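One structure is given below, encoded as structure tokens.
The values are calculated or read from the model by the stated rules, or taken from the named source; none is laboratory data. Remember, predicted model here, so these are calculated numbers, not experimental data. Cβ placement follows ideal geometry from the backbone for every residue including glycine, while neighbour counts extend to all protein chains displayed.
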């Protein structure tokens, strides 16, 4: 019922895509599906990094881009998802898909606890963002001293030399991970699209734009902000499982690193906060840029040059195109369809 | 008991320097309402400046404290004037990305200029200490703490008694009102950011008496600064100092009693508790 109401609202998303948008989406998807047949091992690894960034960026975007709650601690949920499934697999031989469910539920609960504590005590804005960093760092150091999962010396997954891909146990080639990631990224975009066209999505946007006004028009702030954090945390944890089984080793200092939290949020901000495609665009641009910088700076052999360029580009983007690159690209390619 | 007292004293003295560093962060947030995510990075830049000047001119790091403060003041002033002023009314996440990119630029610049190895300054009084009533006071810590307290006093006097200081406080209280009565808010913001940067510059020079410097420790100091100012209350001047002392002591004690690697978990735990129970900090006023 709510969807029907939403469609009748003026200036809101249309139910279908314009033909231009359809063509672009189909082309992109075909390219993405075909890519592993042409890519060499290096290019494939870069594409996987892009998909990871796109997936995590989209998950983070649900909380910040849709509901306006800034988290600088999303590595927490990546780590919880990764450690749950990896520990269950390494210790009890439990299928990573079951582990993924456990990790997702666990991350959702932790996210819910953090959110309900914060929102109950009316911690908002900058303070909420700093609180997410604090929980992230606290958990990282906790896992550093959590001997059961290896502490700071890490948790390792045995690499089985079976022929072919074992999707059931997530043991296999980069190609397998590429297609899994592609599927999950597609899924998260579709989830986001579905939510944005329902009541929940409109409530989130209202909260993002003006919390007080949203509250005054009868939206239960606590409930819907909580929902955004739980969903974002749970989806992030799914990606965490994939990180664990792709990397095969887990160290608290890299899985839970605050630098990972920051990387997660850069792609959607650069691509276009609150848009569905923005995180994907941001991930593709930033990752290719990073790889280009690595190639370029290795020919100069100056440590730090790569990060310097990265910082400079980031600075340029945030000063020149603060609303992100995707809205700009979309308009240039006339992909805005019948919206607006 | 004597051992405990000695540890607490060492913690308090180090904490005073932490306090001065955090004071910079607190002033910047209190007036401009921008969270300086490049705070630790600015401190590391100041520390390297002191290392270089110490090696080439042979000056004592204590004499270089005002130099570091002046350099960082200019840097902060220029940064606020050139970039951050344009972001004052932008949303939090854009300010975050702006300061993050500045932090990345600073860290990678120090990495390119000085390499990844740890550097320090040598002073001939490094191992001297005073003994008062059976308690030990390391000379370097005492000097660093005195320097930090002098810095805090100077700032307090500035904000209380000078025209510019009063004008800055007016901006912090009511930005629009300050504009209405004809204050040049953008210039005052630039001075404020400069002063905040000067604090962290002086703190960096003093801290160099106690620790080594390397490019990658910057982010840890940024986080430490956040812990301190939130404990004390973002924007509160005495709060920053008290938070610094508190964190100094808790780090020293938990490093000694439990495990050195757990000491920052203790700080973060404290931070979470304070944020939830008293988000305005121990000394802060409700916004």
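For the reader, a short list of remarks on this structure follows.
- Verdict on residue A:113 being surrounded by fewer than 18 Cβ atoms within 10 Å (Cβ to Cβ), modelled with pLDDT of 85 or more, within 14 Å of chain B (Cβ to nearest Cβ) and closer than 29 Å to residue B:269 by Cβ: yes
- Among the candidates B:31, B:51, B:17, the residue that is part of a helix (DSSP H, G or I), over 17 Å from the mean Cα position of the chain (by Cα) and surrounded by 19 or more Cβ atoms within 10 Å (Cβ to Cβ) is uniquely B:51.
- Residues of the stretch A:145-164 that are modelled with pLDDT of 80 or more and surrounded by 19 or more Cβ atoms within 10 Å (Cβ to Cβ): A:155 alone.
- Selected residue [crowded, with 20+ Cβ neighbours inside 10 Å, under 16 Å from residue B:14 (Cβ atoms) and within 12 Å of chain A (Cβ to nearest Cβ)] from B:271, B:231: B:231
- Of the residues A:53, A:25, the single one that is under 19 Å from the mean Cα position of the chain (by Cα) and either within 30 Å of residue A:222 (Cα to Cα) or modelled with pLDDT under 90 (or both) is A:53.
- Against the test of being modelled with pLDDT of 80 or more and either in contact with a strand residue (DSSP E or B) (Cβ under 8 Å, 6 or more places away or on another chain) or in a helix (DSSP H, G or I) (or both), the options B:274, B:211 yield a single qualifying residue, B:274.
- Scanning the stretch B:92-124 for residues that are assigned to a loop (DSSP other than H, G, I, E, B) and within 9 Å of chain A (Cβ to nearest Cβ) yields B:115, B:116.
- Qualifying residue in the stretch A:121-135 (condition: part of a helix (DSSP H, G or I) and more than 30 Å from residue B:96 (Cβ to Cβ)): no
- Residues of the stretch B:162-178 include at least one that is assigned to a loop (DSSP other than H, G, I, E, B) and at pLDDT below 85.
- Within the stretch B:55-91, being within 11 Å of chain A (Cβ to nearest Cβ) and not in a helix (DSSP H, G or I) holds for B:83, B:90, B:91.
- Exclusive hit being surrounded by fewer than 21 Cβ atoms within 10 Å (Cβ to Cβ) and modelled with pLDDT of 90 or more, set B:135, B:74: B:74
- When residue B:177 is tested against the conditions (1) within 15 Å of the chain's Cα centre (by Cα); (2) surrounded by fewer than 16 Cβ atoms within 10 Å (Cβ to Cβ); (3) closer than 24 Å to residue B:84 by Cβ, the lone failure is (1).
- Criterion violated by residue B:153 - all others in (1) within 14 Å of another protein chain (Cβ to nearest Cβ); (2) modelled with pLDDT of 85 or more; (3) out of contact with any helix residue (DSSP H, G or I) (no Cβ under 9 Å at 6 or more places or on another chain) satisfied: (1)
- Residue within the stretch A:196-207 that is without any contact (Cβ under 8 Å) to a residue 24 or more places away in the chain, in contact with a strand residue (DSSP E or B) (Cβ under 8 Å, 6 or more places away or on another chain) and farther than 30 Å from residue A:258 by Cβ present: no
- Being closer than 22 Å to residue A:98 by Cα and surrounded by fewer than 15 Cβ atoms within 10 Å (Cβ to Cβ) is a property that residue A:187 has.
- When we screen A:73, A:81, A:65 for residues that are within 14 Å of chain B (Cβ to nearest Cβ), in contact with a helix residue (DSSP H, G or I) (Cβ under 9 Å, 6 or more places away or on another chain), part of a helix (DSSP H, G or I) and crowded, with 24+ Cβ neighbours inside 10 Å, the only hit is A:65.
- Listed by position, the helices (runs of 4 or more DSSP H) inside the stretch A:203-295 whose residues that are within 14 Å of chain B (Cβ to nearest Cβ) and crowded, with 18+ Cβ neighbours inside 10 Å number at least 3 are A:258-271.
- Test set (1) surrounded by fewer than 16 Cβ atoms within 10 Å (Cβ to Cβ); (2) closer than 18 Å to residue A:71 by Cα - residue A:199 fails condition number: (2)
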